[in-house]
Structure formats: structure tokens, C-alpha cells
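The values are calculated or read from the model by the stated rules, or taken from the named source; none is laboratory data. In this text the structure is predicted, and so the values were computed from the model without any measurement. Backbone-built Cβ (ideal geometry, glycine too); neighbour counts: all protein chains shown.
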Amino acid sequence: MTTTSAMTDRPGSRTPALSVAHMFRDRVAASPDAEAYRFPAHGGWRSLTWRDTAATVDALAAGLLASGIGPEDRVAIVSGTRIEWIQADLAIMCAGGATTAVYPSSSEEDIAYIVSDSGSRIVLAEDEVQVAKLRARRGQLPDVIRVVTFAGGADGDWVIGLADLRALGAELLARTPGAVDDAVASVEPEHLATLIYTSGTTGRPKGVELPHRCWTYIGAAGESLALLGSDDLQYLWLPLAHSFGKMLGAVQLQVGFASAVDGRVDRIVANLPVVRPTFMAGPPRIFEKVYAAVGQTVEEGGGLKLRLYTWAFAVGKRVWRARVEGTGVGPALRAQHVLADRLVLSRIRARLGGRIRYLVSGSAALSPDISQWFGAAGMPLLEGYGLTESSGGSCLSDLDRPTPGVVGRPLPGTEIALAGDGEILIRGPLVMRGYHDRPDATAETLRADGWLATGDVGELDGEGRLRVTDRKKDLIKTSGGKYIAPQAVESTFHAVCPIAGQMVVHGDGRNYATALISLDPDALARWSRAEGLATSDYATLAADPAVHEYVQGCVQELNARLNRWETIKDFRILDHDMTVEDGELTPSMKVKRKVVESRYAALLDSMYPTRPAVGGTAR
């Protein structure tokens, strides 16, 4: 196998802790009275110190020990992102167990499969909705001895509340005060910490086994980048059942900053000006929504407001390009930038709280246009790269030169290589130990020499920085032999179409490319009001000729940026937006391409027998 490879020249990280349990205990000892978390409570926000957190974690860990949880026993969490998720996860690891992370949007069938396949013995369920799913499949969960609910009713038998679990812990600690301390001391780096099931864009999800050394390495490597300090404040909304969110938690334990925790996506816009975080991470879709909402608001205002906005961002982009390219900013441009910032750019930052030092985008391709827009606004948008199988991380772009499309150099201690066909390979302490009870799948992905085959295709520049071009299996080869990287096309479309929801480019084995397009309901409603249309109903608007004309113009603008063989020759607008709930998106907001193409096979076929006029609506 021929490879080209890169390692970072960033400073190395200090020696990682033995386990996440040790890392948590170290953090509590180092800064017991510093703020650890804040979360919504009684119409405001409540704060917890590290000492407060430790008291809760120890009580819950003791309750798990009293329930019979032993070394590497799995305990599942089926919940959205909330403070109880974090406390429970830490308690599981302090008891020596391992967390099976389950998305709350999962169906009864999927939850039963994951809980059963993982061998989880206890399930922590967010509320009555999740408890009902478990009750409905109880016959398929013979290993589950108990369900603990965060905010649901208990029956005193199979289902108990958090208070009941704490009471069990108190009884144990009264008899054996050092029970949790002994459990923490017994945890070793290779012990299983987390079992995360892949999103399942194709086939049954596989359980990724991530031992403690994955997270302690991520924490130490993250600290070594010197991007965060103990005085930072994170806004954490990402699903903690996803490795991206878990990775940020590991860095928090190492560095000691605080996190404001609220997993409700519909509260992000309202919460940011209140919380005023210094950084936030998310998938591109979140940043696309901010970009589109601001653009639409300005377009509606028109006149002087629009001209001022356009001028200010043109100035901001010139300053941003100078930073990325390492060139100087002259006195005239600097003076213009001061004025542009005062009149426009600072107001954009205020929408996100006014204190953002940078943002982090991961899990999917980000449009260079959107990256440049945030940079121009004074909120650098760093791009990262990683898989669940690599603990959610492996590369992060440089804050001093965050080049659009470049996900940066590998973390200290991690190696990146490219196989002969361009597939990205990763090796280092962050790589999983394998797929749970799937030696066959493990052997296909994790090679004997330690290299993880990612399934992604990329390029390395002369500085060892990685650019990810697409998923290997997603690359489209037209009947004319030309290759199309669909993610690059789709991310560009989000930048040129403010009302875009999702785009799925299709064309493998065909003689030209087509697309299925869904629209963002909120953006579509704003657009319809601005256009004076009589309705905001999605399905009605999706069939409206005015919407078709607007989307067609966006597709034409997209095509102007593409190579001839990449251009979208025809498209259909779906009569609904794609969602996690309908099975067309993963919980991390990635399109399940195979699911979508199978579900709409007839619609896709309709765009090929003869070439129709561009554009149509799916019904």
C-alpha cells in the first residue's frame, strides 16, 4: 500500500490521566469551587461547581454499584443533552462501568436493538416517552435489570427515579464509604468507557468501543492546542450520544472551563445572547441557518441597510483573507474595517452573545462561503475532522489561519495517511479498540498495523494539512466516467440558497447529475412573508411557481460555480423537509443518502428517460 502521511508539529500534550474517572477526580481537586456547568432551571440558569458535580456523581455512582454494576458493565443512556446526561455518564465511569449512548430520537426497535446488542444492564431514560419505548420492548431486553428515569414516573419495580438511585447509593456509602473511590482506582486506560453506535446511514448500526485512553488522550491533546482556558464558556447543545459532544466533554474535564448545557435546538438563538459563550461547536447545518437568517433579514430590509451590510462584509472579507493568507492590512483598509465593525459586524456577533472567540464545525462538509462569512464577521469558524471510530476528533484547523475547506493537521500524537486511492487513514491513541462483538467488521476497518480506514477521501497539502473531499462510497461516477463529490456540491448549494434545507445529488451511472431538494421550513416561511405570499404552509409553498423560480435561480448560481460534468441538470423539490424523525437524516444531521435514494427511486428515475424542463415538485 502506497501512502503519503502527516504528523503535526504542534507542541505535544502532557501525559493523559489513567481514565476519565481519574480525570474527573483530578479536575474536582484542582478547581472545586469553579463553575463547571450551568443549565436551564425555573425560567433562568442554575450553576454547579465542580464540587457540586462531584457530590451528585459520587451518589449516582454508588447507586449503580449497589445495583450490581461492575467493571465494564454497560449502562445505557437514552436522553437528549441535559445536565443529568453528563452527571449520569460520569457516574457510570466512576463506578467502573461503560456508557452505551443512545439517541432519544431512536425508534423502539432501534433502542431495543442497541440496548440488547450492547448487553446493557441498566438504562437511564430521559422521560416517560423513552420509558414507554423500553416498556413496549421489555421482552427483548432480558439483561436489563432496572430503568432509571430522569424526569418520568417510577413504578418502584422495574422503573425507578434518580432520587431512588441516589438513595441506594447512600445506603451503600453508609456501609462502605470508600466504595466509589475503590471503583475509580480500579479503572484502567484500556477499560471500556463508551459504546457509541454508528448512525447507520447504511445497514444496522455497529457499536464502536471507545476505551478510557481515547477520551483522556482527546482531553490532553485538546489542552495542548492552547485554544481554550479555564475562563472560557462553552454553549453545549450537541447530542451527547454523538462522539462530537463527548469529545468536547473530555476537553472540558482536562482544561476546566464551564459549559452551559441545553440540548433544545430550538432554544439556541434565544439562549446565546443570555449565556454569552466564548465558543460553540456544531455541524454545518447550524451555521448555515445563522448565515441564511441574517441574509434574509437584511434582504427584507433592502435599501441603505442592504447596501451597508454588503459593504461591511466586503471589507470584513478582505481583512479575513489577509489574515488567512498571512498578508498585512494597510491603514486605509484598517480604518474601513473599524467603521464596518462598529456599524454592522459587531451587531452580527451580538446575535451570538457578543463574546464568541471562535466556532467549530464538524461532522460534514462546510461551504467555504459560509466559513468566510463567519470569519469576516469576526467569529472564526474552525473546521475539524473525525469519526466515531476516532473518538470524534483527529484534526482541527489553526485559529491563526483557518483556511476554508481545510480541516487542519492531526492532533499531537496522531498520524494521518492517504492510501493509494486517496482514502484517509488514522492511527493514534484516539482510535477505537474495535466494533462490539463484530470481529469481522473490525478487521475490515482497523488494520493489524493500527491504521483506521475511514472510508473518506482527502488530500494533504505541503504543510501536512488535510482537506476532506467526500465519502469514498458517496463519490458519483457518471456514465461518462467523470467523478462528482456530492458533499462539495451540496454544501455550496447551502451557501447560495437561503431557503435550502437539504440537497441530495444523484447521478451514479447516469449521464448527468440531478438533485432532490428540501427546503428549510423557517427560512421558507420568512421568504414567503417577504414575497407577500398568502401562505406559510410548507407543502403549498413547495408547489408554488414563485418558489420554483427562486430555487431554479439558486441552482443556476450553483451550476455557475461547478465543472460542466458536475452541474445539476434537473431537480425536484420535496413536499417536506428531511428530518431525523422520518429516518432521512442521522441524529448528527447528515443525509442518509442510500435511504433517500431508495425512498425516492421513482422520482429520481423520472428525471432521466427524457430531459424535462428544469425543476419540479415531489408529490
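Structure values in brief
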{"item": "Helices (runs of 4 or more DSSP H) contained entirely in the range 163-271, each with at least 2 residues that are surrounded by fewer than 18 Cβ atoms within 10 Å (Cβ to Cβ) and of a type in the set (D, E, K, R)", "result": "179-186"}
{"item": "Every residue from the range 251-307 that is aromatic (Phe, Trp, Tyr) and touching a Lys or Arg at 6+ places or on another chain (Cβ under 7 Å)", "result": "279"}
{"item": "Scope the range 25-53; condition in a helix (DSSP H, G or I), closer than 30 Å to residue 266 by Cα and either of a type outside the set (S, T, N, Q) or out of contact with any strand residue (DSSP E or B) (no Cβ under 8 Å at 6 or more places or on another chain) (or both); matching residues", "result": "50, 52"}
{"item": "Only one of 409, 401 that is within 24 Å of residue 223 (Cβ to Cβ), surrounded by 22 or more Cβ atoms within 10 Å (Cβ to Cβ), modelled with pLDDT under 95 and among the charged types (D, E, K, R)", "result": "409"}
{"item": "Yes/no for residue 294 being in the same structural domain as residue 374 (by TED's automatic domain parsing), part of a helix (DSSP H, G or I), surrounded by fewer than 22 Cβ atoms within 10 Å (Cβ to Cβ) and in contact (Cβ under 8 Å) with a residue 40 or more places away in the chain", "result": "yes"}
{"item": "Residue count, the range 383-397 (criterion: aliphatic (A, V, I, L, M) and crowded, with 24+ Cβ neighbours inside 10 Å)", "result": "1"}
{"item": "The range 514-571 - residue that is β-branched (Val, Ile, Thr) and part of a loop (DSSP other than H, G, I, E, B) and, of those, nearest to the chain's Cα centre (by Cα)", "result": "567"}
{"item": "In the range 458-478, residue modelled with the lowest pLDDT [restricted to those that are of a type outside the set (Lys, Arg) and in a strand (DSSP E or B)]", "result": "470"}
{"item": "Residue within the range 126-143 that is in a loop (DSSP other than H, G, I, E, B), under 30 Å from residue 388 (Cβ atoms), within 28 Å of the chain's Cα centre (by Cα) and not polar (S, T, N, Q) present", "result": "yes"}
{"item": "Subset of the range 596-614 [modelled with pLDDT under 75 and of a type in the set (D, E, K, R)]", "result": "611"}
{"item": "Residue 118 being of a type in the set (S, T, N, Q), modelled with pLDDT of 95 or more and buried (at least 16 other Cβ atoms within 10 Å of the Cβ)", "result": "yes"}
{"item": "Wholly enclosed strands (runs of 3 or more DSSP E) of the range 314-422 bearing at least 1 residues assigned by TED's automatic domain parsing to the domain that holds residue 450 and touching a helix residue (DSSP H, G or I) at 6+ places or on another chain (Cβ under 8 Å)", "result": "358-361, 381-385"}
{"item": "Test for residue 91: is it part of a helix (DSSP H, G or I) and crowded, with 24+ Cβ neighbours inside 10 Å", "result": "yes"}
{"item": "Which listed residue, of 29, 21, 34, is closer than 19 Å to residue 229 by Cβ, surrounded by 14 or more Cβ atoms within 10 Å (Cβ to Cβ), modelled with pLDDT of 90 or more and not aromatic (Phe, Trp, Tyr)", "result": "34"}
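Yes or no, residue by residue, for (1) modelled with pLDDT of 95 or more; (2) farther than 30 Å from residue 408 by Cβ; (3) touching a Phe, Trp or Tyr at 6+ places or on another chain (Cβ under 9 Å); (4) not small (Gly, Ala, Ser):
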{"residue": "15", "(1), (2), (3), (4)": "no, no, no, yes"}
{"residue": "25", "(1), (2), (3), (4)": "yes, yes, no, yes"}
{"residue": "43", "(1), (2), (3), (4)": "no, yes, no, no"}
{"residue": "91", "(1), (2), (3), (4)": "yes, yes, no, no"}
